[in-house]
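Trainee: Take this structure, written in structure tokens, and hold onto it; I'll ask about it next.
The values are calculated or read from the model by the stated rules, or taken from the named source; none is laboratory data. A quick note: this is a predicted structure, and the numbers were derived from the prediction, not measured. A quick note on method: Cβ atoms are made from the backbone with ideal geometry, for glycine too, and the neighbour counts reach across all protein chains shown.
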Amino acid sequence: MAYQTIIGLEIHAELKTKSKMFCSCDNDSEGKLANTTVCPICLGHPGTLPVPNKKAIESVIAVGLAINCEINRFSKFDRKNYFYPDLPKGYQISQYDQPLAYGGYLTIGDDNISITRIHLEEDTGKSFHPQGSNNTLIDFNRAGTPLMELVTDPVIKDAAEAKKFCQKYQQLLRYLEISDADMEKGQMRCEANVSIQEIGKFKYEKGIIKPLKKYKLNNKVEVKNINSFKALEKAIIFEIQRQTEILEKNEEIIGETRGWDDKKNETVSQRIKESSADYRYFPEPDIPPLEIDGEWLANINASLPELPYNKFKRFKQEYNLNDDILEILISDKNLANWSEQVISELDAWIEANGDSADRQDKKLAKTAGNWIASELMKHLKANNENITQIKITAENFAELICLIYQNKINSSAGQTILDFMYNQGGDPTDIMLKMGLEQIDNRTDLEETIKKIISENKIQAEQYRKGKTNVVQFLLGKVMAETGGKANPRLTKELLEKLLR
């Protein structure tokens, strides 16, 4: 039997507002003692009244606008009723039938992944189970944190695309500066709804899967407890295999919620999946409906920064970099801005030196992009740092690129200087002179060295003269070794071929 995988994602992201969703408590509880950033409102004491956080509402609308959503001009909050120890009120203030944003899409490769809705709610507290104890401890510091939930249509085709979607969404949230979206810290939580259906037995209708003829849709399974992009991909792959094996045994897939066990690399059953009826939604009586007028919407739209996909298009047009390099440069907003500063410094150097030809073919921009995406990124990854934490200024990095472009240093010397700059900072020209890394371009000095190498390697020289031209690389290596790697390779090769005739 041939099957098709159907995946939908639910992604929660904690918004980094100054205060919580419905009270004035500090929204930053990282590193603070348990139950110290709380008040009667976020603890759900009787008689307290919630007041919505305007900034959180604007953040959700900003995301909706950024991914082509429709914005509900009339929205409201609802009560989602369920009992769990870390839910202080016994219900969660959320949104049900009138979310802030709906529709829209986020482009992944050649696919537009359609969005069902984006709504706003409050987060719960955290439960802790001390080892060796039967007790459960509750920390309510997180209770009431503004929590944005995005739900995709069930149109994602495989685990790799699901992973890419989450990565692109995280990038967008960081560009908008509304969430750090760190999965390891629980600031972004991805849940996957996975089902497999027989090919040709269903259709999509307005983002909903509908069976054809007498086909009965297989139940979907929700997978939770995912704390990394890698874990998301592995969980989906495992679940597809598990469900396929069940169907091949002619057994029924149970519609349930399963958790991902990172140690066992498998999903484990947690509970039967609830439906919306189980939550007994009804309008939140203590919060008036939201009316989003045109002026408010226009102001939010005007405040949007240049978004990743727009930055990608502009960088491609202006700097003529290849797609792989561009993906790295725009992966982080600060890195993209820093890279643009480097290229701006290089443009100033071109202006000063009158090299209009370079501006046209963008050689310097390409060299800078390659060095940032390869050599600089090696240091950032090895030290687990981002561009805002390093000692290298955009101006100094641009100067290093100019030294390489002018053949004052070779690639090996450039890496040595970059390593020094990364660890200690400094001006690349000064470092080059202090370390004696400047390339030898003096033809007379190089000719003397080359004549010496030829006389010491007469057999190879004769082989070259008899037509074995690849021997020149061997002799070039000897010259580089003799000069400590400082000989200009291009000039050295030219002189070698001349003196070997």
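Trainee: Is one or more of the residues making up the stretch 388-406 within 17 Å of the chain's Cα centre (by Cα), in contact (Cβ under 8 Å) with a residue 40 or more places away in the chain and either in the same structural domain as V60 (by TED's automatic domain parsing) or under 24 Å from R174 (Cα atoms) (or both)?
Mentor: The answer is yes, given that some residue of the stretch 388-406 is within 17 Å of the chain's Cα centre (by Cα), in contact (Cβ under 8 Å) with a residue 40 or more places away in the chain and either in the same structural domain as V60 (by TED's automatic domain parsing) or under 24 Å from R174 (Cα atoms) (or both).
Trainee: Now for a different question. Name the residue, out of K20, K89, K16, that is modelled with pLDDT under 95 and buried (at least 16 other Cβ atoms within 10 Å of the Cβ).
Mentor: Being modelled with pLDDT under 95 and buried (at least 16 other Cβ atoms within 10 Å of the Cβ) holds for just one of K20, K89, K16, which is K89.
Trainee: If you scan the stretch 24-36, which residues turn out to be surrounded by fewer than 21 Cβ atoms within 10 Å (Cβ to Cβ) and not charged (D, E, K, R)?
Mentor: S24, G31, L33, A34, N35, T36
Trainee: I'd like to check something: does the stretch 407-425 contain any residue that is at positive phi, out of contact with any Gly (no Cβ under 8 Å at 6 or more places or on another chain) and modelled with pLDDT of 85 or more? Even if it seems obvious, please write down each step before you answer.
Mentor: Of the residues in the stretch 407-425, the ones at positive phi are 407, 425.
Filter once more, so that each one left must be out of contact with any Gly (no Cβ under 8 Å at 6 or more places or on another chain): 407, 425.
Of the ones still in play, those that are also modelled with pLDDT of 85 or more are 425.
So far as the stretch 407-425 goes, yes, one or more of its residues are at positive phi, out of contact with any Gly (no Cβ under 8 Å at 6 or more places or on another chain) and modelled with pLDDT of 85 or more.
Trainee: Can we say L364 is outside the structural domain of Q473 (by TED's automatic domain parsing), without any contact (Cβ under 8 Å) to a residue 12 or more places away in the chain and either in contact with a Lys or Arg (Cβ under 6 Å, 6 or more places away or on another chain) or among the aliphatic types (A, V, I, L, M) (or both)?
Mentor: Details: outside the structural domain of Q473 (by TED's automatic domain parsing): yes; without any contact (Cβ under 8 Å) to a residue 12 or more places away in the chain: no; either in contact with a Lys or Arg (Cβ under 6 Å, 6 or more places away or on another chain) or among the aliphatic types (A, V, I, L, M) (or both): yes.
No, not satisfied.
Trainee: Select from the stretch 264-284 the residues that are free of Cβ contacts under 8 Å to residues at least 24 places away in the same chain, within 13 Å of N225 (Cβ to Cβ) and touching an Asp or Glu at 6+ places or on another chain (Cβ under 7 Å) and list them in ascending order.
Mentor: V268, S269, R271
Trainee: Next question, about the same structure. Quickly run through the stretch 448-501 and pick out the residues that are more than 51 Å from the chain's Cα centre (by Cα), under 26 Å from G414 (Cα atoms) and surrounded by 18 or more Cβ atoms within 10 Å (Cβ to Cβ). So that I can check it myself, show each step before the final result.
Mentor: Within the stretch 448-501, the subset more than 51 Å from the chain's Cα centre (by Cα) is 448, 451-467, 498-501.
Right, trim to under 26 Å from G414 (Cα atoms) and you get 448, 453.
I453 - this is the single residue of the stretch 448-501 that is more than 51 Å from the chain's Cα centre (by Cα), under 26 Å from G414 (Cα atoms) and surrounded by 18 or more Cβ atoms within 10 Å (Cβ to Cβ).
Trainee: While we're on this one: Which one is nearest to the chain's Cα centre (by Cα) among residues in the stretch 40-57 that are loosely packed, with under 15 Cβ neighbours inside 10 Å and in a loop (DSSP other than H, G, I, E, B)?
Mentor: The selected residue is V51.
Trainee: Might you let me know whether the stretch 413-428 holds any residue that is touching a Ser or Thr at 6+ places or on another chain (Cβ under 8 Å), within 15 Å of N370 (Cα to Cα) and not polar (S, T, N, Q)?
Mentor: no
Trainee: Moving on to the next point. Whether any residue in the stretch 10-21 is in contact with a Lys or Arg (Cβ under 7 Å, 6 or more places away or on another chain) and farther than 28 Å from T152 by Cα is what I want to check.
Mentor: Looking through the stretch 10-21, none of the residues is in contact with a Lys or Arg (Cβ under 7 Å, 6 or more places away or on another chain) and farther than 28 Å from T152 by Cα.
Trainee: Which condition number in (1) touching a strand residue (DSSP E or B) at 6+ places or on another chain (Cβ under 6 Å); (2) among the aliphatic types (A, V, I, L, M); (3) more than 29 Å from K363 (Cα to Cα) is the one that I459 fails?
Mentor: With (1) touching a strand residue (DSSP E or B) at 6+ places or on another chain (Cβ under 6 Å); (2) among the aliphatic types (A, V, I, L, M); (3) more than 29 Å from K363 (Cα to Cα) applied to I459, the lone miss is (1).
Trainee: Given the conditions (1) at pLDDT 95 or above; (2) within 25 Å of S412 (Cβ to Cβ); (3) in a helix (DSSP H, G or I); (4) hydrophobic (A, V, I, L, M, F, W, C), report the number of the one that A365 does not fulfil.
Mentor: Against the list (1) at pLDDT 95 or above; (2) within 25 Å of S412 (Cβ to Cβ); (3) in a helix (DSSP H, G or I); (4) hydrophobic (A, V, I, L, M, F, W, C), A365 comes up short only on (1).
Trainee: Quick check on the stretch 58-86: of everything there that is closer than 14 Å to A298 by Cα and either at pLDDT below 95 or acidic (D, E) (or both), which residue is surrounded by the fewest Cβ atoms within 10 Å (Cβ to Cβ)?
Mentor: E70
Trainee: Is it the case that W338 is among the aromatic types (F, W, Y) and at pLDDT 95 or above?
Mentor: yes
Trainee: Further, regarding this structure: Select, from K210, K234, K201, the only residue that is buried (at least 16 other Cβ atoms within 10 Å of the Cβ) and over 15 Å from G259 (Cα atoms).
Mentor: After ruling out the rest, the residue left standing is K201.
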